[in-house]
Amino acid sequence: MQSTAIAHANIALIKYWGKRDKALNLPATGSLSLTLDGLNTTTSVDFDSALEADRILLNSETPDRQAASRISAFLDLVYRYFHSSGDQRPFASVTSGNNFPTAAGLASSASGFAALAVAAAHALNANANPEQLSMLARRGSGSAARSIYGGIVEMAHGQRADGLDCIASQLHKPDYWNLNVLIAVTDAGSKKVSSTDGMQLTMETSPYYQAWVAGAEADLASARQAIAARDFEALASVTEFSTLKMHASALAAQPGVIYWNAATLAAVHCIRELRSDGLPVCFTMDAGPQVKAICTADVADQVSEKLQQAPGVVRIISCSLGDGARLQPS
Ligand code: DP6
């Protein structure tokens, strides 16, 4: 049976950066994110016993071996989860497309593995609940666990060694707070160091890594509280604190992981200026050079216009909060 699912990317305000278990892909810290309506991955999965190998197309192209084997391994995992009998998984045809630049720090692995988890589980006739889908998506990519849900989402650090409590949950629905995320694209090329590799190097070599992990629970508590009070200023403060600490820990790795370019910093300064002029806006950056401005919807046009003028900003992608991953009619 062919199943098709759509999932949105998400942007973490409180970042995930580092793992407590590599094999199970368990994060070293909890994280908190906004699911974005503008960035989608649509994925179809068709298990077909007539196939002699997995047939995978990403954005109409055959992916490199590493990306293809990550997807095949994920399908193995989903199959094993729902078929404890140990029989051989049928090969699958997987077609997936993003409506935004892949692997440029725009969280394509988050929407990608969330859509793949939903489509693959349904194609196997499994009646999976969101907790199971979040747990499975996490095995594909940590941030994907959050894209199962819409709105404002928290990913639990979890206590169990087997990771069964390491799942995301929705804190608030998309309409809880009219926030926009404006993505200032400064370079649409593929990122040089993947988030998986960047966080691994940070864990292994950065003297700041322990401090980064130690502060995460307090940051999560501050963010939860700011969101509960719809206190933008408090949310802005902890959001920038989290992203700058994440990048500081990566910068201090050996060799240092530098995701920013000149335009990244120009956009950051532009956002800081807008905030000091009184606009409710703050920034966050992930494992790439793009800058994401978070603001209340009423000032989004003003922020977008200014950000567009920051030197080196190529374009702005504007998003509001979106829904969780779901099946689509094929
Ligand atoms: C900087 O989820 O891509 O975007 O679990 O190794 O696939 P893996 O990592 P990934 O890391 C995301 C890192 C981040 C911050 C975040 O989204 O929380």
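Do we have residue 67 as of a type in the set (A, V, I, L, M, F, W, C) and in contact (Cβ under 8 Å) with a residue 12 or more places away in the chain here? Break it down into steps so the answer makes sense when it comes.
On the way: of a type in the set (A, V, I, L, M, F, W, C): yes; in contact (Cβ under 8 Å) with a residue 12 or more places away in the chain: no.
No, not satisfied.
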Quick one: would you say residue 187 is under 16 Å from residue 312 (Cβ atoms) and either open to solvent by less than 50 Å² (accessible area, probe 1.4 Å) or not assigned by TED's automatic domain parsing to the domain that holds residue 15 (or both)? yes
Does residue 160 meet the test of being within 15 Å of the ligand (Cβ to nearest atom) and either open to solvent by 40 Å² or more (accessible area, probe 1.4 Å) or within 30 Å of residue 299 (Cβ to Cβ) (or both)? no
Within region 201-209, can one find any residue that is without any contact (Cβ under 8 Å) to a residue 12 or more places away in the chain and farther than 26 Å from residue 100 by Cα? no
Hits in region 136-157 - residues which are open to solvent by 20 Å² or more (accessible area, probe 1.4 Å) and either of a type in the set (D, E, K, R) or farther than 25 Å from residue 177 by Cβ (or both): 139, 154
Hey, among the residues in region 239-256 that are within 11 Å of the ligand (Cβ to nearest atom) and aliphatic (A, V, I, L, M), which one's nearest to residue 226 (Cα to Cα)? 246
Going through (1) open to solvent by 60 Å² or more (accessible area, probe 1.4 Å); (2) touching a residue at least 12 places away in the same chain (Cβ under 8 Å); (3) closer than 24 Å to residue 329 by Cα one by one, residue 61 fails only at (2)
Might you let me know whether region 47-62 holds any residue that is within 15 Å of the ligand (Cβ to nearest atom) and β-branched (Val, Ile, Thr)? no
Conditions (1) in a helix (DSSP H, G or I); (2) of a type in the set (Gly, Ala, Ser); (3) free of Cβ contacts under 8 Å to residues at least 40 places away in the same chain: number failed by residue 256: (1)
Answer yes or no as to whether residue 291 is open to solvent by less than 10 Å² (accessible area, probe 1.4 Å) and touching a residue at least 60 places away in the same chain (Cβ under 8 Å). yes
For region 67-87, state whether one or more residues are of a type in the set (Phe, Trp, Tyr), touching a Ser or Thr at 6+ places or on another chain (Cβ under 7 Å) and either closer than 30 Å to residue 247 by Cβ or not assigned by TED's automatic domain parsing to the domain that holds residue 151 (or both). no
Which numbered condition residue 106 fails, given (1) within 30 Å of residue 186 (Cα to Cα); (2) at pLDDT 95 or above; (3) buried (at least 24 other Cβ atoms within 10 Å of the Cβ): (2)
The one condition in (1) buried (at least 19 other Cβ atoms within 10 Å of the Cβ); (2) under 30 Å from residue 293 (Cβ atoms) that residue 26 fails to fulfil: (2)
Among the candidates 67, 12, 7, 73, residue that is within 16 Å of the ligand (Cβ to nearest atom) and within 14 Å of residue 142 (Cβ to Cβ): 12
Given the criteria within 16 Å of the ligand (Cβ to nearest atom) and over 19 Å from the mean Cα position of the chain (by Cα), does residue 27 qualify? no
Would you confirm whether any residue within region 265-284 is modelled with pLDDT of 95 or more and under 18 Å from residue 197 (Cα atoms)? no
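The values are calculated or read from the model by the stated rules, or taken from the named source; none is laboratory data. As the structure is a computational prediction, the values presented were derived from the model and not from experiment. Every residue, glycine among them, receives a Cβ derived from its backbone with ideal geometry; neighbour counts consider all protein chains shown. Keep in mind that these areas ignore ligands, DNA and RNA; they rest on the heavy atoms of the full protein, side chains included. Shrake-Rupley method; radii C 1.70, N 1.55, O 1.52, S 1.80 Å.
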